Protein chains: 2
Amino acid sequence: MLRTHTCGELRIDDLNKKVTLSGWVQRIRDKGALIWIDLRDRYGITQVFLEEGKSDESLVKQVRELGREFVIQVEGNVIERASKNPNIPTGDIEVVPYRIEILNTSKIPPFTIEDETDGGEELRMKYRYLDLRRKPVRTKLELRHRLALETRKYLDSQQFIEIETPVLIKSTPEGARDYVVPSRMSPGQFYALPQSPQTFKQLLMVSGYDRYYQIVKCFRDEDLRADRQPEFTQIDCEMSFVDQDDVLQAFEGMTRHLFKVVKDVEVGDFPRISYQDAMKYYGSDKPDIRFEMKFVELNDVAQGKGFKVFDNAELVVGICAKGCASYSRKDLDKLTDFLKKPQVGAKGLVYVKINEDGSLKSSVDKFYSEEDLKEWAEKCNAKAGDLLLILAGETDATRFAMNELRLEMGKRLNLRDRSVFKPLWVVDFPLLEWDEETQRYYAMHHPFTSPKTEDLNKLEDEPGSVRANAYDLVINGVEIGGGSIRIHNKDLQKKMFKVLGFTGEEAQNQFGFLMNAFEYGAPPHGGIALGFDRLVALFGGSDSIRDYIAFPKNNAGRDVMIDSPSVVSEEQLEELGLKIVNPKSQASS
Amino acid sequence: MLRTHTCGELRIDDLNKKVTLSGWVQRIRDKGALIWIDLRDRYGITQVFLEEGKSDESLVKQVRELGREFVIQVEGNVIERASKNPNIPTGDIEVVPYRIEILNTSKIPPFTIEDETDGGEELRMKYRYLDLRRKPVRTKLELRHRLALETRKYLDSQQFIEIETPVLIKSTPEGARDYVVPSRMSPGQFYALPQSPQTFKQLLMVSGYDRYYQIVKCFRDEDLRADRQPEFTQIDCEMSFVDQDDVLQAFEGMTRHLFKVVKDVEVGDFPRISYQDAMKYYGSDKPDIRFEMKFVELNDVAQGKGFKVFDNAELVVGICAKGCASYSRKDLDKLTDFLKKPQVGAKGLVYVKINEDGSLKSSVDKFYSEEDLKEWAEKCNAKAGDLLLILAGETDATRFAMNELRLEMGKRLNLRDRSVFKPLWVVDFPLLEWDEETQRYYAMHHPFTSPKTEDLNKLEDEPGSVRANAYDLVINGVEIGGGSIRIHNKDLQKKMFKVLGFTGEEAQNQFGFLMNAFEYGAPPHGGIALGFDRLVALFGGSDSIRDYIAFPKNNAGRDVMIDSPSVVSEEQLEELGLKIVNPKSQASS
């Protein structure tokens, strides 16, 4: 080893030891007679100290030629610092060198390797290998490692077995777009990269492996929105001989365990809320329940008084912003502007201030008496000093906008504390969603999700109202995972494919192997998949998953560091039996 | 849960408990008055017992309609068996049911779900989900899970951090053929699937993560030989501030730990042998050292006596087969036939029997005196009762054939015991190998492998004789892993690319990001990659990796279960800007 100790290891107990350290030159402070080097590695920083006159002259000369990020090996003695630094674990000591070897030089990095760097996103991504040297980035990857290992240890302790499913699989048109991989041995044919190991984990249940998991890369060729990656990592799980409650219990247990061992945070039992209630009270299937501010529907008290906006609305809905009665006109105008942004899409905002003196002031005083407004305030449980914010219109759009407003108010009121974690289960999702464009139903979760037994009779006549044994794990307003109890009966699965508009042939062609497998004794089963990148980001207190991926791709799906994707040789294409054509316009069918 | 206990759980202590089990009907024995069902799940088999007259009549009727592999739920009481089965952990008890529910039916499986099945390879692969139900297969996947988890726990305990590297990377022409992935967002461009995370792990060393590992899928589009898979799994590792000995110590420690915790086998210190000696004494860079039978070179004692075959040979080499002097002519003819197979390619075999009475008998008595033969025997340390087997010819080919002969003799003499594990390090590999066809040197390991310092001066004039800081971990004649100390100096790396015939532009184009990274303070580093599939197979006592992969592909790279690769839709190709052309003949350049 080119070191006896790491740069994070030496303490006051190590005084007078002869040590060898290796690392990067973080900083050199040269005060003429006295020179300090901050030597850095993954484990910390150790100060190296030279004194002109006392230290060897050639050594001082050598040190004066060092640059930032040079890799050096230092042999020296551990001494007590004259002025200690209580902020770092090695702050009591320093190393006085008697030999320094330059292991490698460095050009001046394009940005500073500090906790707060001067490098912009693009530059840091191009030189990601330098960005990764920064402590905040390293901490994130260490957290990721810790979380993955603890997940594995926990699931192992619960009899789950990790089984690797294949990466080169088969393309299916259902769901998002697949990445495909041309086969050289079967020219004209393709593998596909898995969007998830869904069918394989169900096959494993048919095989009797009743508790499966895998931390696994998945792939989706989608137009990338912010914070989507073409490749991402899932904690993928499946269980047999379970009902929905068993799955929720199992992964509530896992999540609680991870919070405890990784963050030392106790999260209690997870509340459960139906999809319907989530939409009604939060306008979102991933409510942030770190704060209340639930929706209150006001149709019965707000309609029929001549205010057309409300009278013509499908939904009139309000939230109570505690202590915001003091909002100025300017504050309220800002909120209105926020709501009118195209991404939010509300037409306007109605407010009612419940002043400290008990008087009420609203933007609709013309239409409503103080008695009316008091009734609203009561329904919303608003007290003196509070502010009611009310939206009205078509139900879905109004809920959508109100959700945005609620989250915005939560942010303004500092109710979305990153150190607080509030998980919940959203259950009873609809089985299907109607697509106007293609005029057909799509599986909301996926085609293998089982309908609720009590809704089975509606599957053919009212498919839209059938609820599924499907659930999402939501933490702090982020969808961390989702799953369902699957269909294990081949006849029901066939019926489901029919509802989804598959011909028998299409179903057989795409999922034949799964349907065949179901002929041979499939057990009742269900599972869940958690977005690992998101889970880590949440644990790290960040919204962006990209920071928690060692080598992420940008929003155009490019790795700007290695410059990929890129062209390949003619020979490669020829071997694959492929030719590049000018991509046709997207309008062509 | 649809069960209170698993089928492997109940013991004599559970007598009189009311239990619910769920599982598959492994077998029904119906002796008229008495009926037994073997109920199976992942954890074991529990016997369910019914007695006509005593058990409910409808229950008996129901049981008589069950078929093999039906999935049933059984509620019943645990009783002591009249005749116990000491061969299974649940053999003391049985369950007398009062309710049975058929959770799913099953068609009759195409082969028996037994330890010894009647299904052929092809059928089992097509119905892999049924094959996976068989205990010997399940045991293999459980071993794989155990080995992966213990590897992670051990490396974590040694400060290694698991970092996920990307799967969608960039194609490089060096080495084996890449699988490529067309990009829809950048039409005409491609990602490649990694053959290994080599460059990324080196970048992580530049980033200062001085102990990295990953259990990771890798991909190689090669013409598949037996037991090669297009996707395979590696334990991939890299360390900084180390020399070769540090890496060997670290992974010797890991391997020893895995043998201990997973197999309870103590393997001592690993011997180290140079590549040169491995070739000289075993004719192989992956010697099986569970048995001796080392090569003995006989040129000096066998040449110059008029036997042209030996006189004209570059190498005359023998091995001593202990106790084989009694081999008959027929035995020896069989060995000769074995040696003459095209895969072995020897011209013929010379033998010397050292008879029990001390007399010698050889196939070359015409040319050599008994004194001559005695000298050979002495050199080979052959005693009365032993058999010398001698081959001669061009050095490489003769060593190759002799290696095959040695392994064959080891097998015949039962010296290759699957329960014995003998790891060793093969070190000092040549840096380069010459390719006659393309008339250039190729990196034997890869282009980032560092030459031995003492051989550096030969890099330009005698590149073929330069040794590398490269090593293989070999266990029982199987190459389990390989690695090297890398080049961390950009000038040396440039020189290396030059020796490999890269133009500066080519090197920059393919490895530019790595060479750039090396400008910013790359530490000395090195690593290793272990073939995880092979390691598991070795631990399991098998030669075939396929059995240890849940969903393997066949020798044509096909997954016959899901029928992949397969055609994709015209729309998909259009979006990718690709067209399928008739693959040209392989003769075209």
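The values are calculated or read from the model by the stated rules, or taken from the named source; none is laboratory data. Treat the numbers as computed from the prediction; the structure is a model and nothing was measured. When we count neighbours, we look across all protein chains shown, and the Cβ atoms used for this are built from the backbone with ideal geometry, even at glycine. SASA here: full protein model, heavy atoms, side chains in, ligands and nucleic acids out. Shrake-Rupley method; radii C 1.70, N 1.55, O 1.52, S 1.80 Å.
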**Q.** Where labels lie 7 Å past Cα in the beta-carbon direction, separation of A:Val265 and A:Ser369 in nm
**A.** 4.9
Q. Which GluC sites (Glu not before Pro) does segment B:46-149 hold that lie in a coil by DSSP with at most 15 other beta carbons within 10 Å?
A. B:Glu52, B:Glu65, B:Glu114, B:Glu116
Q. A:Arg486's amide H: which non-local residues (gap 5+, or another chain) put their own amide H closer than 5 Å, with H modeled 1.01 Å from N in plane and none for Pro or chain starts?
A. A:Ser450, A:His525, A:Gly526, A:Gly527
(Q) Please compute the modelled spin-label separation between B:Arg29 and A:Asp300, points set 7 Å along Cα→Cβ, answer in nm with one decimal. (A) 6.9
Q. Rg and Dmax of segment B:269-336, using alpha carbons, in Å: what are they?
A. 14.9, 46
Q: For segment B:291-412, state what percent of all Cα-Cα pairs lands in each successive 5 Å bin, counting from 0 Å until the bin that includes the largest distance.
A: 2, 12, 24, 26, 22, 11, 2, 0
Q. Sorted from largest down, what three extents in whole angstroms do the Cα atoms of segment B:342-445 have along their principal axes?
A. 54, 40, 27
Q: Write down the Kirkwood hydrodynamic radius of the protein assembly as shown, to one decimal in angstroms, obtained as one divided by the mean of 1/r over all alpha carbon pairs.
A: 34.7
Q. Cα centroids of segment B:429-474 and segment A:517-557: how far apart, whole angstrom?
A. 42
**Q.** Rule-of-thumb Rg ratio for chain A [Cα; 2.2 N^0.38 Å; N residues]
**A.** 1.22
Q. Between A:Asp115 and A:Gln508, what FRET efficiency follows from the Cβ-Cβ distance if R0 is 56 Å, with the result rounded to 0.05?
A. 0.45
Q) Under the Kirkwood approximation applied to all pairs of distinct alpha-carbon atoms, what is the hydrodynamic radius of segment B:143-207 in Å? A) 14.3
Q. Relative to a virtual label point 7 Å from the Cα of B:Asn77 in the Cα→beta-carbon direction, which members of segment B:1-44 show backbone nitrogen distances below 20 Å?
A. B:4-5, B:10-22, B:34-37
**Q.** 7 Å along Cα→Cβ, label-point gaps from A:Glu462 to other copies, nm, shortest first
**A.** 8.9
Q. Quick one: how many Å² of A:Tyr275 are accessible to a 1.4 Å probe, rounded to 10?
A. 50
(Q) Suppose only helical runs count, i.e. DSSP H with n ≥ 4. What mean residue ellipticity at 222 nm does that imply for chain B under -39500 (n - 2.57) per run, divided by all residues and rounded to the nearest 500 deg cm²/dmol? (A) -8500 deg cm²/dmol
Q | Hz values of 3J(HN,Hα) by residue in segment B:376-382 - Karplus curve (6.51, -1.76, 1.60), Gly and Pro given as x | A | 4, 4, 4, 4, 8, 6, 8
Q: Report, to the nearest whole %, how much of the accessible area of segment A:12-104 belongs to carbon and sulfur atoms, 1.4 Å probe, protein only.
A: 48
Q) What are the extents of the Cα atoms of segment A:470-589 along their three principal axes, listed from largest to smallest and rounded to whole Å? A) 49, 47, 31
**Q.** Space enclosed by the convex hull of the alpha-carbon atoms of segment B:223-264, per residue, Å³
**A.** 128
Q) Expressed as an acute angle from 0 to 90° and rounded to the nearest 10, what is the orientation of the C-alpha long axis of helix A:395-412 relative to the principal long axis of chain A? A) 30
Q. When the chain is fully extended, how far beyond the present Cα-Cα distance does B:Asn381 get from B:Glu142, taking 0.36 nm per residue of separation?
A. 81.5 nm
Q | Zero-based 5 Å bins, Cα pair distances in segment A:12-104, whole percents | A | 3, 14, 27, 29, 19, 7, 1
Q: Over segment A:417-562, with every protein chain in place, what whole percent of the accessible area is carbon and sulfur at 1.4 Å, could you tell me?
A: 45
Q | 1.4 Å probe, heavy atoms, protein only - residues of segment B:241-274 losing at least 30 Å² accessible area vs chain alone | A | B:Phe241, B:Asp246
Q.
Just to be sure I understand: of the beta bridges DSSP finds with both ends in the protein assembly as shown, what percent are antiparallel, rounded to 5?
A. 95
Q. If you take the beta carbon distance between B:Gln159 and A:Glu570 as r and set R0 to 30 Å, what does 1/(1 + (r/R0)^6) give as a FRET efficiency, to the nearest 0.05?
A. 0.05
Q) How many percent of the alpha carbon pairs in segment A:379-422 exceed a separation of 13 Å? A) 67
Q) Relative contact order, percent, of segment B:137-270 when contacts are C-alpha pairs under 8 Å separated by at least 6 residues? A) 22
Q. In Å², nearest 100, what accessible area do chains A and B bury in total when the solvent probe is 1.4 Å?
A. 11600
Q) Using a Förster distance of 41 Å, how high is the FRET efficiency between B:Glu292 and A:Ile108, based on the Cβ-Cβ distance and rounded to 0.05? A) 0.10
Q: Could you pull the copy-to-copy label distances for A:Asn509, with points set 7 Å along Cα to Cβ, in nm to one decimal and sorted shortest first?
A: 4.0
Q.
Given contacts defined as C-alpha pairs under 8 Å and at least six residues apart, what's the relative contact order of chain B, whole-number percent?
A. 13
Q: Treating the angle as unsigned and between 0 and 90°, give the value, to the nearest 10°, between the Cα long axis of helix A:135-157 and the longest Cα principal axis of chain A.
A: 60
Q. What are the residues of segment B:135-152 that lose 10 Å² or more of accessible area, with a 1.4 Å probe, going from their chain alone to all protein chains?
A. B:Arg138, B:Leu141, B:Glu142, B:Arg144, B:His145, B:Arg146, B:Leu149, B:Arg152
Q: At 7 Å along the Cα-to-beta-carbon direction for both A:Asp563 and B:Lys579, put a label point, then send me their distance in nm to one decimal.
A: 2.9
(Q) On a full-extension model of 0.36 nm per residue, what is the gain between A:Ala556 and A:Glu408, subtracting their alpha-carbon distance, rounded to one decimal in nm? (A) 50.4 nm
Q) Counting only heavy atoms of protein chains, what accessible area per residue, in Å², does chain A have with a probe of 1.4 Å? A) 42
